[in-house]
1. Confirm whether ALA359 is at pLDDT 85 or above and either touching a Lys or Arg at 6+ places or on another chain (Cβ under 6 Å) or among the small types (Gly, Ala, Ser) (or both).
2. Output the residues belonging to the stretch 284-328 that are closer than 23 Å to ARG244 by Cβ and open to solvent by 40 Å² or more (accessible area, probe 1.4 Å).
3. Among the residues of the stretch 283-296, is there at least one that is over 28 Å from PHE209 (Cβ atoms), touching a helix residue (DSSP H, G or I) at 6+ places or on another chain (Cβ under 7 Å) and free of Cβ contacts under 8 Å to residues at least 12 places away in the same chain?
4. Filter the stretch 230-267 down to the residues that are open to solvent by less than 70 Å² (accessible area, probe 1.4 Å), farther than 28 Å from ALA181 by Cβ and part of a loop (DSSP other than H, G, I, E, B) and list them by number.
5. Output the number of residues of the stretch 268-283 satisfying the condition of being assigned to a loop (DSSP other than H, G, I, E, B) and surrounded by 13 or more Cβ atoms within 10 Å (Cβ to Cβ).
6. Count, please, the residues in the stretch 304-321 that happen to be charged (D, E, K, R) and free of Cβ contacts under 8 Å to residues at least 24 places away in the same chain.
7. Would you point out which residue out of ARG299, ARG308 is more than 14 Å from the chain's Cα centre (by Cα), over 30 Å from LYS135 (Cβ atoms) and part of a loop (DSSP other than H, G, I, E, B)?
8. Just a yes or no: is a residue in the stretch 378-386 modelled with pLDDT under 85 and open to solvent by less than 60 Å² (accessible area, probe 1.4 Å)?
Amino acid sequence: MSKEIIQFDQAMFETKLDTMVREKVERIVNAMLDAEADEIANAARYERTGERKAYRAGHYERKLTAKAGRLALKVPKLKGAVFESAVIERYRRREQSVEESLIDMYLAGVSTRQVDDISQLLWGDRMPSQTLSDKLKKVYEDIDSWRTRPLESEYPYVFMDGVWHKRSWGGHVENVSVLVAIGVDSEGHREVIGVAEGMKEDGDSWEQFVRGMIERGLKGVRLVVGDRCAGLVATVGSMLPKARYQRCMVHFMRNVLSKTPPTHRQWASAALKAIFAMESRESALAKAESVATEMEARRLKAAANCLREGVGETTTYLLPEFPDGHRRRIRTNNMIERLNREIRRRTRVVGSFPDGNSALMLVCARIRYVTDNEWSTRRYLDMSRFDDNLVEAN
């Protein structure tokens, strides 16, 4: 005799439960529609009264996708009055929470085809890509307002970089960039303060990008961190004259190592790390000169020239006006690089964009999705000693 007296089929139970919930919700919503019709008509169905304002004229069936599933509703029709429901908006085919869930899936990295499949699997209703695009237009209006919002705080540290994507241009696909800027405010919190299409990431693009942020209220910038992008250094010098420029240490090391043969790369890597382990800028520059001399002795002239050319702007973080506790985080562009990786995870699913605005809006939506958590609320740097260091340096 089997020891299992009761056998429980989990899958069958869940299916039955889902059906029961859907049928119950369907009955409740239909009852609410009937109650609304009675209220508009000022009389219940078949009730004889002189105060009646309208008469029932049957109903029409309508489908509504809700969290409980696909509901079959019977919407009343009235003769002598217009039936307007507060329960269901006119022309709405999906519950608001369902549409928000599908939009969140898309912004989280799910392709439009997968969103359609998931909608069919969960709720028995499809979400075509064109319908999803129409729903996203309302989201993009809010995103554009966020992108052009006034900047009210001071941002002593600003990190800038560009993320590349493909877009259709004149019948063919080209690589263009979206410029992104992250600011660390006077309280030490991070905030995405600028996102704009940068075309080829040239000097004009950077100048227009920075000018746009200044017009929105960007102020108090003391250090700009970025890669050796064309035009970025000149733009910082001309439009942010009080700010210094810090070239990303990681990118700089990669540039030097790319000019080093594999047989010398391990030694060169250790030597470069020793430069950036120095406690002062003077000692770092002296160490860099000795490393460059050793490179020339090893016949690595290109690497030595690259080191001498860029070590000055790569050791800006060692200046006394910047606190020691900030050095590890302001010497690289890793913070914005991690954000760019999250952006690329989403844009890679799309492939190429039909126009620049669609790419820009999706990148902005992805940024807001990623940063709407502890990323922006957790203090990134302790700014309590920043002003003291600045006074001492001056």
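The values are calculated or read from the model by the stated rules, or taken from the named source; none is laboratory data. Here the structure is a predicted model, which is why all the values come from computation and not from measurement. Because the Cβ atoms are built from the backbone with ideal geometry, glycine has one as well, and the counts that use them run over all protein chains shown. For the accessible areas, the whole protein counts, side chains as well, though only heavy atoms, and no ligand, DNA or RNA atoms are used. Shrake-Rupley method; radii C 1.70, N 1.55, O 1.52, S 1.80 Å.
1. no
2. Of everything in the stretch 284-328, those that are closer than 23 Å to ARG244 by Cβ and open to solvent by 40 Å² or more (accessible area, probe 1.4 Å) turn out to be LEU285, ALA286, LYS287, GLU289, ARG308, GLU309, PRO320, ASP324, GLY325, ARG328.
3. There is at least one residue in the stretch 283-296 that is over 28 Å from PHE209 (Cβ atoms), touching a helix residue (DSSP H, G or I) at 6+ places or on another chain (Cβ under 7 Å) and free of Cβ contacts under 8 Å to residues at least 12 places away in the same chain.
4. Across the stretch 230-267, the qualifying residues are THR260, PRO261.
5. Residues flagged as assigned to a loop (DSSP other than H, G, I, E, B) and surrounded by 13 or more Cβ atoms within 10 Å (Cβ to Cβ) within the stretch 268-283 amount to 2.
6. Adding up the residues that qualify gives 2.
7. ARG299
8. Among the residues of the stretch 378-386, at least one is modelled with pLDDT under 85 and open to solvent by less than 60 Å² (accessible area, probe 1.4 Å), which makes the answer yes.
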